[in-house]
1. What's the extension gain from E68 to S23 if we count 0.36 nm per residue and subtract their Cα-Cα distance?
2. What net charge is computed for the residues neighbouring M38, neighbours being all others with C-beta under 13 Å from the C-beta of M38, Lys and Arg scored +1, Asp and Glu -1?
3. Show me the ranking of peptides 47-55, 34-42 by mean Cβ neighbours inside 10 Å, starting with the highest.
4. Using a simple spin-label model with points 7 Å from Cα along the Cα→Cβ vector, what separation in nm is obtained for N32 and R82?
Amino acid sequence: MASPKEENGTSLHTAMEMSSPLSSPARQKLENLLNKSMRIRMTDGRTLVGLFLCTDRDCNVILGSAQEFLKSTDSFSQGEPRVLGLAMIPGHHVVSIEVEAESLLTA
């Protein structure tokens, strides 16, 4: 049976055929982090906290229910968070990523 063809004549592949092996340790680790609460520090001093939904080859990260915390001049106060909702953080702006411990305890 012939494979499906695009208009330009190249064959279509499913996402599973084009992706890396399904059982790779890195992929499994990322899958275990899905829907876990993460804190991402950015190069401009902002911190975003939200649920890890997605990443890509360029290390861009998508957070759901994200809140933004600005770097405060007073080291004792964190300030009020700004609610962002769905946020995309470009990989080149990520300084650090922390998974919040409470989210790891809930399966």
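Please treat every number below as a calculation from the coordinates, not as lab data. Just so we're clear, the structure is a prediction, and the values are computed from it rather than from any experiment. Here Cβ is always computed from backbone atoms with ideal geometry, including for glycine, and neighbour counts include all displayed protein chains.
1. Numbers: separation 45, 0.36 × 45 = 16.20 nm, distance 3.42 nm.
Result: 12.8 nm gained on full extension.
2. Details: positive: K36, R39, R41; negative: E98, E100, E102.
Within the 13 Å Cβ shell, the charges total 0.
3. On the way: 47-55: 18.1, 34-42: 16.0.
In decreasing order of mean packing, 47-55, 34-42 become 47-55, 34-42.
4. 3.5 nm
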